[in-house]
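J.: Please find one structure pasted underneath; my questions will follow.
The values are calculated or read from the model by the stated rules, or taken from the named source; none is laboratory data. This structure is a prediction, so every number in the text was calculated from the model and none was measured. Counting neighbours? That spans all protein chains shown, and the Cβs are built from the backbone with ideal geometry, glycine included. All accessible areas refer to the heavy atoms of the entire protein, side chains included, with ligands and DNA or RNA removed. Shrake-Rupley method; radii C 1.70, N 1.55, O 1.52, S 1.80 Å.
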Amino acid sequence: STVNVIYIPIVYREAQVKWLPDRALVNITDVDVADGQWTAVVMQLPELARIVAIRTPGNAMISNATDVKLVWGGGVRAASISPDGRQAYLLVQMGDTKETGTYTFMISWSPMRIPVVDTRGKPVAQLSATADKFEAAASAGYVEVKVYRPEPFTVDISYKGVKAAQVVVNSLVANPQPVTLGIYQVKVVVVGALNQPIAEASVSIDGFPASGKTDGTGAVKFPDVLAGTYKVNIDVGGRVKVSDTLEVNGDTEKVVKTPIVAMVGGVPITTLDALAT
């Protein structure tokens, strides 16, 4: 049997699109349809988006339509919005029949929720976030980004006001992978020149909002310190001040030695005082 094969070249071109929070405006010009015998505008969106309806330049509204044929210029016009709303196409030119102008795709976007957990898998609270292209907010255990166009973006996540992670999002998926923050327990022990515990010493971590006073064993615990390199500052009675480097990459115990030989009436007596005496 004779088989007739017709080769039809298909050309894909990027459309002129203006993205708004609830719609996309696609501008079809005469240049876009000049070389075609059959031209359609096609939109494919990620999981977070759903195309609700399409409005033509002539204000015709197309919704709840899957692979339909519409009467158009003495012929038929193909149009479709997939059941999941993630894909749509609409014929804009067929032979001498065409409709140029702005096509409006009504789109319902769901915010992207990025889980944020610690190394134990527990949701992290006291978060804040900013994104370079969209509005971002944070709640306990996740960061929410209000996306409205299909393109990569960067989000900066902070924990207790300290920058904790920068995430580059390339795929707008409904269930993104969690961001894991290293949050650990830090114990600081303050001792004197004779390795005796120093109670009531003020301890603070420079670069992270953690401070407190040592107990009778000379220790103070901070249960949720972000991984990083800090400086720990010790102040005893406003008279003795000592600093040391603090590396946090897991549960950490840091012993800080001071030149205190005794406490007299709450006043620290240092080795220098003893020598002077």
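J.: Does any residue of the stretch 208-229 turn out to be open to solvent by 50 Å² or more (accessible area, probe 1.4 Å), on the phi > 0 side of the Ramachandran plot and part of a loop (DSSP other than H, G, I, E, B)? If you could, list the steps in order and put the result at the bottom.
T.: Narrowing the stretch 208-229 to residues open to solvent by 50 Å² or more (accessible area, probe 1.4 Å): 209, 211, 213, 215-217, 221, 223, 229.
From what's left, on the phi > 0 side of the Ramachandran plot: none.
There is no residue in the stretch 208-229 that is open to solvent by 50 Å² or more (accessible area, probe 1.4 Å), on the phi > 0 side of the Ramachandran plot and part of a loop (DSSP other than H, G, I, E, B).
J.: Residues PRO21, PRO115, PRO46: which one is closer than 29 Å to PHE153 by Cα, open to solvent by 70 Å² or more (accessible area, probe 1.4 Å) and touching a residue at least 60 places away in the same chain (Cβ under 8 Å)? I'd like the intermediate steps shown before the answer.
T.: Values: PRO115 fails: open to solvent by 70 Å² or more (accessible area, probe 1.4 Å); PRO46 fails: open to solvent by 70 Å² or more (accessible area, probe 1.4 Å).
It is PRO21.
J.: Further question on the same structure: With respect to THR102, is the statement that it is surrounded by fewer than 18 Cβ atoms within 10 Å (Cβ to Cβ), touching a residue at least 12 places away in the same chain (Cβ under 8 Å) and under 15 Å from the mean Cα position of the chain (by Cα) true? Before the answer, list the steps.
T.: On the way: surrounded by fewer than 18 Cβ atoms within 10 Å (Cβ to Cβ): yes; touching a residue at least 12 places away in the same chain (Cβ under 8 Å): yes; under 15 Å from the mean Cα position of the chain (by Cα): no.
Spelling it out, it is not the case that THR102 is surrounded by fewer than 18 Cβ atoms within 10 Å (Cβ to Cβ), touching a residue at least 12 places away in the same chain (Cβ under 8 Å) and under 15 Å from the mean Cα position of the chain (by Cα).
J.: Hey, can you tell me all the residues within the stretch 123-149 that are over 11 Å from the mean Cα position of the chain (by Cα) and touching a residue at least 60 places away in the same chain (Cβ under 8 Å)?
T.: Once the filter is applied, which keeps residues that are over 11 Å from the mean Cα position of the chain (by Cα) and touching a residue at least 60 places away in the same chain (Cβ under 8 Å), the stretch 123-149 yields TYR148, ARG149.
J.: Are there any pairs with C-beta distances below 7 angstrom linking a residue in the stretch 165-193 that is under 23 Å from PRO209 (Cα atoms) and of a type in the set (Phe, Trp, Tyr) to a residue that is at pLDDT 95 or above and open to solvent by 20 Å² or more (accessible area, probe 1.4 Å), with the two at least 6 apart or on different chains, and if so which?
T.: TYR184/ALA227; TYR184/ASP251; TYR184/THR252
J.: Could we say that ARG120 is at pLDDT below 95, assigned to a strand (DSSP E or B) and basic (Lys, Arg) here?
T.: Working: at pLDDT below 95: yes; assigned to a strand (DSSP E or B): no; basic (Lys, Arg): yes.
No.
J.: Just to be sure before I move on: is ALA60 over 30 Å from GLY250 (Cβ atoms), hydrophobic (A, V, I, L, M, F, W, C), surrounded by fewer than 20 Cβ atoms within 10 Å (Cβ to Cβ) and at pLDDT below 95 in the structure I sent?
T.: Values: over 30 Å from GLY250 (Cβ atoms): yes; hydrophobic (A, V, I, L, M, F, W, C): yes; surrounded by fewer than 20 Cβ atoms within 10 Å (Cβ to Cβ): yes; at pLDDT below 95: yes.
Spelling it out, ALA60 is indeed over 30 Å from GLY250 (Cβ atoms), hydrophobic (A, V, I, L, M, F, W, C), surrounded by fewer than 20 Cβ atoms within 10 Å (Cβ to Cβ) and at pLDDT below 95.
J.: For the stretch 168-188, what are the residues that are open to solvent by less than 30 Å² (accessible area, probe 1.4 Å) and either part of a loop (DSSP other than H, G, I, E, B) or under 21 Å from ALA140 (Cβ atoms) (or both)?
T.: Narrowing the stretch 168-188 to residues open to solvent by less than 30 Å² (accessible area, probe 1.4 Å): 169, 172, 176, 179, 181-183, 186, 188.
If the condition is that a residue be open to solvent by less than 30 Å² (accessible area, probe 1.4 Å) and either part of a loop (DSSP other than H, G, I, E, B) or under 21 Å from ALA140 (Cβ atoms) (or both), then VAL169, LEU172, PRO176, VAL179, LEU181, GLY182, ILE183 are the ones that fit.
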